[in-house]
Amino acid sequence: MSLPKVGVSACIIGQQVRFDGGHKRSSYVDGQLSDVFDLRPLCPEVGAGMSTPRPTVHLREVGERVRMMDDKNGIDHTEAMQEFNRRAIPGLANLAGYIVCAKSPSCGMERVRVLNEARTGARRDGRGLFTEALMKAYPLLPVEEDGRLNDLALRENFITRVFVYQGYKRLLEGDTGEHELLQFHRRHKLMLMAHNQAIYRELGRYLAQSREQAIETRLAHYGEQLMSALAKPASRRAHTNVLQHIGGYFKRDLDKTERQHLHQTILAYRSGQLPLMAPMTLLNGLLQRFPKPYIAEQRYLTPHPERLALRYHL
Ligand code: SF4
C-alpha cells in the first residue's frame with residue numbers, strides 16, 4: 001500500500017520559512033511520521049509572495065471581515081493569500097491529511113489570535129486563512145495541529161483518520177459498486193462502534209435502505225458520516241465495549257481460566273492499569289489460534305502501522 005500523502009506546514013519539517021528566517025521543526029512529524037506518511041510541505045506565506053525573513057503578520061477585524069495585516073508597514077496581505085489559496089488548494093485533492101502549524105495567521109487551525117479593529121484587544125477563536133480555505137474545500141480531510149499531536153489520544157486519532165480517509169478516497173476513485181462499499185463498511189464496523197455507536201447504527205440502516213440511490217450519493221453520505229464518527233477519539237469505555245464484543249467471538253474456544261484472563265485484562269485496561277495494547281495483543285494471539293475471518297479483517301485491530309506503537313500509551 002502506498003504511503004498516504006499528507007500536507008504539512010513547511011516550517012514543521014524544518015524548512016527555514018518563518019518570518020524570522022527560522023523553522024519550527026517537530027521531531028515527531030519530521031522523524032517518525034515521515035516514515036509512514038509521504039509528507040508534502042508547503043508554506044502559504046512564501047507561496048503568497050512574502051519574503052523570508054519578513055515582517056510579522058496577524059489577523060485583524062476590518063469591518064465585517066478578518067484580514068491578514070502587516071500593520072507596522074501598513075500592508076494588507078489578504079488578497080495575496082486568497083489568490084495563493086485559489087491557485088494551490090485545488091492541487092491538494094490527493095492528500096489524505098494535513099498537519100498545520102498552530103497559532104499562525106496562515107496555518108493555525110484553532111484559537112488563532114484576531115485583533116479587533118482598533119487593535120486594543122483580541123479574540124482567540126480565529127483560524128489561519130490558508131487552513132480556513134483548505135478545510136472549506138475538503139471538509140472530510142483530517143487536519144491537525146503540530147502541538148495537538150503531542151496529546152497521545154489526538155495523535156492516535158489523527159493517524160487513524162488519515163489511514164481511513166486514504167481508504168475511503170480509494171473507494172471514491174475506484175470502480176466502486178454496492179459490493180465494494182459494503183465490504184469497506186464491514187471492515188470498519190468495529191472501528192465505528194468504538195468511535196460512535198449512533199453513527200455505527202445509522203450507517204448500517206442507511207446502507208440497507210439506500211440501495212435505490214446512486215452509488216455517488218451513497219458514497220458521499222457514507223464518507224461524511226464515517227469521518228464525522230472518527231472526529232473524536234474513542235473513549236476507554238467504548239474501547240472496552242468493543243474488546244468485550246471481540247472477546248465474545250472466542251467464548252467457545254477458551255477454557256474457564258483463559259476466559260477469566262481475557263476478562264481481567266480487559267478490565268485492567270478499562271481501569272487504566274494496562275494500555276490498550278495489552279488486551280489487543282491478547283486478542284490478536286487468540287485470533288492466530290482460533291481464526292475468525294470477520295474479526296481478522298477489522299481495521300480496528302490494525303488501524304495504523306505497528307511501528308508507531310501508538311496503542312502502548314492509550
Ligand atoms: S505560513 Fe505556515 S508554513 Fe509558513 S512559516 Fe508560517 S506557519 Fe510555517
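Okay, here's what the table says:
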{"quantity": "The stretch 278-289 residues that are on the phi < 0 side of the Ramachandran plot and crowded, with 19+ Cβ neighbours inside 10 Å, paired with ones that are among the aromatic types (Phe, Trp, Tyr) and in a helix (DSSP H, G or I) (beta carbon under 8 Å, 6 or more apart)", "calculated": "Pro279/Tyr269"}
{"quantity": "Residues being acidic (Asp, Glu) and part of a loop (DSSP other than H, G, I, E, B) - total across the stretch 135-156", "calculated": "2"}
{"quantity": "Set Ile295, Ile266: member being closer than 30 Å to Arg148 by Cβ and surrounded by 14 or more Cβ atoms within 10 Å (Cβ to Cβ)", "calculated": "Ile266"}
{"quantity": "Pairs with Cβ under 6 Å, 6+ apart, first in the stretch 41-59 and within 7 Å of the ligand (Cβ to nearest atom), second assigned to a loop (DSSP other than H, G, I, E, B)", "calculated": "Cys43/Val17; Pro44/Ser106; Glu45/Ser106; Val46/Val17"}
{"quantity": "Residues (part of a helix (DSSP H, G or I) and in contact (Cβ under 8 Å) with a residue 40 or more places away in the chain) located in the stretch 172-193", "calculated": "Leu172, Leu181, Arg186, Arg187, His188, Lys189, Leu190, Met191, Met193"}
{"quantity": "Yes/no for Thr240 being at pLDDT 95 or above, of a type outside the set (A, V, I, L, M, F, W, C) and assigned by TED's automatic domain parsing to the domain that holds Val162", "calculated": "yes"}
{"quantity": "Selected residue (only one of Asp76, Asp20 is within 10 Å of the ligand (Cβ to nearest atom), more than 29 Å from Glu306 (Cβ to Cβ) and at pLDDT 95 or above)", "calculated": "Asp20"}
{"quantity": "The lone exception for Gln225 - which of (1) assigned to a helix (DSSP H, G or I); (2) without any contact (Cβ under 8 Å) to a residue 12 or more places away in the chain; (3) touching a helix residue (DSSP H, G or I) at 6+ places or on another chain (Cβ under 9 Å) it fails", "calculated": "(2)"}
{"quantity": "Test set (1) hydroxyl-bearing (Ser, Thr, Tyr); (2) crowded, with 21+ Cβ neighbours inside 10 Å; (3) modelled with pLDDT under 95 - Thr131 fails condition number", "calculated": "(3)"}
{"quantity": "Neighbours by Cβ (under 6 Å, 6+ apart or cross-chain): first from the stretch 78-94, closer than 26 Å to Gly63 by Cα; second of a type in the set (Lys, Arg)", "calculated": "Thr78/Arg67"}
{"quantity": "Checklist (1) within 16 Å of the ligand (Cβ to nearest atom); (2) in contact (Cβ under 8 Å) with a residue 40 or more places away in the chain; (3) among the hydroxyl-bearing types (Ser, Thr, Tyr); (4) over 20 Å from Arg127 (Cβ atoms) applied to Tyr28, failing item", "calculated": "(1)"}
{"quantity": "Residue list for the stretch 107-134, restricted to those being in a loop (DSSP other than H, G, I, E, B), small (Gly, Ala, Ser) and either more than 14 Å from the ligand (Cβ to nearest atom) or not assigned by TED's automatic domain parsing to the domain that holds Ala93 (or both)", "calculated": "Ala118, Gly121"}
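The values are calculated or read from the model by the stated rules, or taken from the named source; none is laboratory data. This one's a predicted model, so the numbers in the text were calculated from it and none came from an experiment. For neighbour counting, all protein chains shown are included, and Cβ atoms are generated from backbone atoms with ideal geometry for every residue, glycine included.
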